[in-house]
1. What residue, of Phe182, Phe214, Phe173, Phe195, is modelled with pLDDT of 95 or more and open to solvent by 10 Å² or more (accessible area, probe 1.4 Å)?
2. Can you say whether Asn84 is modelled with pLDDT of 95 or more, open to solvent by 70 Å² or more (accessible area, probe 1.4 Å) and polar (S, T, N, Q), as far as the supplied structure shows?
3. Suppose we filter the stretch 50-77 for residues that are within 9 Å of the ligand (Cβ to nearest atom) and open to solvent by 40 Å² or more (accessible area, probe 1.4 Å); how many remain?
4. Looking only at the stretch 175-228, which residues are of a type in the set (A, V, I, L, M, F, W, C), away from the ligand (no atom under 16 Å from the Cβ), in contact (Cβ under 8 Å) with a residue 40 or more places away in the chain and part of a strand (DSSP E or B)?
5. Restricting to the stretch 129-149, name every residue that is in contact (Cβ under 8 Å) with a residue 12 or more places away in the chain, open to solvent by 60 Å² or more (accessible area, probe 1.4 Å) and more than 7 Å from the ligand (Cβ to nearest atom).
6. Scan the stretch 155-174 for residues that are of a type in the set (D, E, K, R) and within 16 Å of the ligand (Cβ to nearest atom) and jot them down.
7. Find the residue count for the stretch 37-49, including only residues that are in contact with a Phe, Trp or Tyr (Cβ under 7 Å, 6 or more places away or on another chain) and more than 16 Å from the ligand (Cβ to nearest atom).
8. Would you check which residues across the stretch 87-97 are assigned to a loop (DSSP other than H, G, I, E, B), open to solvent by less than 70 Å² (accessible area, probe 1.4 Å) and of a type outside the set (Phe, Trp, Tyr) and list them?
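The values are calculated or read from the model by the stated rules, or taken from the named source; none is laboratory data. Remember, it's a predicted structure, so these values are computed and weren't measured experimentally. Cβ placement follows ideal geometry from the backbone for every residue including glycine, while neighbour counts extend to all protein chains displayed. Each accessible area value is taken on the protein alone, full model and side chains, heavy atoms only, with ligands, DNA and RNA left out. Shrake-Rupley method; radii C 1.70, N 1.55, O 1.52, S 1.80 Å.
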Amino acid sequence: MSIYQSIQRISPILWWKHSFTIENLNLNPLLKKFFDENKNCPSFNDRHEHFKYINDKVIKEDPIDYLEFGVYKGDSIREWSSLNKNPVSRFYGFDSFEGLPEDWTYTMRRGEFNLNGNIPHIDDSRVKMVKGLFQNTLRPFLKSFRRIQRIVVHLDADLFSSTLYVLTSLDPFLEKGDVLMFDEFSAPTGEFKAFIDYKTAFYREFKMVSKVPFNGWLANQVAFLIEK
Ligand SMILES: C[S@@+](CC[C@H](N)C(=O)[O-])C[C@H]1O[C@@H](n2cnc3c(N)ncnc32)[C@H](O)[C@@H]1O
């Protein structure tokens, strides 16, 4: 038996309980390395300035297929539909409107953001809502979805499971030049881990284009261009 196999056999005795705290701590150096490698990308004070920069300078107000995962009361999809006025743009918002399907943190529990299934109204005929768990709605949606322009994905579902499910399901539709935006990128075991796992498993490459820094080297709102 190798040393590694011996350690593996005895480790559940020495370390008997899985710890999310340890997992979080262990991912922080990876997160920091990621931000260090991209420290020169443009930074913004808040997500409003950030969205405007992406629309004006990255997308250049071209028509887009904007897919948002995690809509809640509709603040960000509403903001995007008013920023990008192109009449050909399409906006799809995915949410159960029943809140997080599982616990996220000690304070953000299952059911957080629950709107009892009520869909927020957005006064723009280009905006469509897709109600239900992503795990039930996204693949049926994609069966009839034909991309007609650059895809912009806004990942704001907080959870690892939701984010990874979306990225892996959308992968066949994503192309070089598409944009991925995250809203809670600095939560190591949430959106960040989903992004890293997706990138690793699908051999994708990305360029960080912009971010909203907070608390030193961290940034929650981060945007990437797909390079490969
Ligand atoms: C942080 S809120 C979205 C905030 C919104 N983008 C904004 O800017 O106001 C997260 C949302 O993700 C939704 N969500 C998370 N996981 C989901 C899943 N697997 N299926 C459907 N909705 C999900 C929750 O219902 C919740 O409304």
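1. Working: Phe182 fails: open to solvent by 10 Å² or more (accessible area, probe 1.4 Å); Phe214 fails: modelled with pLDDT of 95 or more; Phe195 fails: open to solvent by 10 Å² or more (accessible area, probe 1.4 Å).
Residue meeting the stated conditions: Phe173.
2. Numbers: modelled with pLDDT of 95 or more: yes; open to solvent by 70 Å² or more (accessible area, probe 1.4 Å): no; polar (S, T, N, Q): yes.
Criteria not met by Asn84.
3. Keep residues of the stretch 50-77 that are within 9 Å of the ligand (Cβ to nearest atom), which gives 68-77.
Right, trim to open to solvent by 40 Å² or more (accessible area, probe 1.4 Å) and you get 72-73, 75.
Residues flagged as within 9 Å of the ligand (Cβ to nearest atom) and open to solvent by 40 Å² or more (accessible area, probe 1.4 Å) within the stretch 50-77 amount to 3.
4. Hits for the stretch 175-228 are Met208, Val209, Leu218, Ala219, Phe224, Leu225, Ile226.
5. So the first thing to find is which residues in the stretch 129-149 are in contact (Cβ under 8 Å) with a residue 12 or more places away in the chain, and the list is 129-135, 137-139, 141-142, 145, 147-149.
With open to solvent by 60 Å² or more (accessible area, probe 1.4 Å) added as a condition, the list becomes 131, 133, 135, 139, 147-148.
Correct list: Lys131, Arg139, Arg147, Ile148.
6. So in the stretch 155-174, the residues of a type in the set (D, E, K, R) come out as 156, 158, 171.
Asp156, Asp158, listed by residue number.
7. Filtering the stretch 37-49 for residues in contact with a Phe, Trp or Tyr (Cβ under 7 Å, 6 or more places away or on another chain) gives 42, 44.
Next, from what is left, pick out any that are more than 16 Å from the ligand (Cβ to nearest atom): 42.
The total comes to 1.
8. Just the residues of the stretch 87-97 that are assigned to a loop (DSSP other than H, G, I, E, B), to begin with: 87-89, 96-97.
Then keep just the ones that are open to solvent by less than 70 Å² (accessible area, probe 1.4 Å); that gives 89, 96-97.
Passing the criteria: Ser89, Ser96.
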